[in-house]
Amino acid sequence: MKISNSWAQSIFVLLALSRLPQQKTLTSLALAERLELSPTYLKKVMKILANESLVHSERGKGFCLARPLEDIDFYDVYLATEGRSGIFNPQNLLTPFLNRDPHDPRKCAVSYSMEKLQKQIEENMKSYVLGDMMNEILVDFDTADLDEWVRLNAS
């Protein structure tokens, strides 16, 4: 299983936006510069996050969180960046593998195991809440520089 860079970038964008004062926004350009990312690519990521209601876009101003970090988990970000098609794509290889009737209702052990694994991964990702992550960061790191950067770049 491979998760795109957009996922990790989105996590840090959301964490940065959580430091904004009420009614303030940050531009995608400012975020791209801070995170040393391509501004063009980050604009696409921000659009994805906005479409999934993780961030709110104020035309001409920038972005802010659409909901509190306590209401966003890794799986929410995964769905936004990786899509809703699932981690595994069933290929129905049991039929050609065993040369069996494609209408046979018996479930393939491999497909069943992959579905079970998918559910476990989803549940595990849902247990990582961004609000908890930010709390850990605040305990383990000095965020004064980040907070000052947010203050200077917020509009």
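All of the numbers you see were taken from the coordinates with simple rules; none came from a lab. A quick note: this is a predicted structure, and the numbers were derived from the prediction, not measured. Here the Cβ positions follow ideal geometry from the backbone for every residue, glycine too, while neighbour counts run over all protein chains shown.
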Students often forget the sequence filter, so: which aspartates and glutamates lie under 17 Å Cα-Cα from Lys119 once same-chain residues fewer than 8 apart are removed? Asp73, Asp76, Glu82
In degrees rounded to 10, the 0-90 angle between helix 130-140 Cα long axis and the longest Cα principal axis of the chain is 50 degrees
Binning at 5 angstrom from zero up to the longest distance, how are the C-alpha pair distances of region 1-59 distributed in percent? 4, 18, 33, 28, 12, 4, 1, 0
All lysines inside 30 Å of Lys24 as judged from Cα atoms, apart from same-chain residues fewer than 8 positions distant: Lys43, Lys44, Lys47, Lys61, Lys126
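Give the Kirkwood hydrodynamic radius (Å, one decimal) of region 96-153, defined as one over the mean of 1/r across all pairs of different Cα atoms. Walk me through the numbers on the way to the answer.
Details: mean 1/r = 0.0623 Å⁻¹.
Evaluated over region 96-153, this radius sits at 16.0 Å.
Roughly speaking, what is the stretch gain from Leu35 to Leu152, that is 0.36 nm per residue apart minus the C-alpha to C-alpha distance, in nm to one decimal?
40.6 nm is the gain from fully extending Leu35 to Leu152.
Charges at C-beta only: +1 for Lys and Arg, -1 for Asp and Glu. How large is the resulting dipole of the chain about its Cα centre, in Debye rounded to 20?
Details: 18 positive and 21 negative charges, 146 e Å.
Using only the charged Cβ atoms, the result is roughly 700 debye.
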Per the Cα gyration tensor, the chain corresponds to an equivalent ellipsoid with semi-axes, largest first in Å, of 39, 16, 12
What are the aspartates and glutamates whose alpha-carbon lies under 15 Å from the alpha-carbon of Lys107, with same-chain residues fewer than 8 places away excluded? Glu115
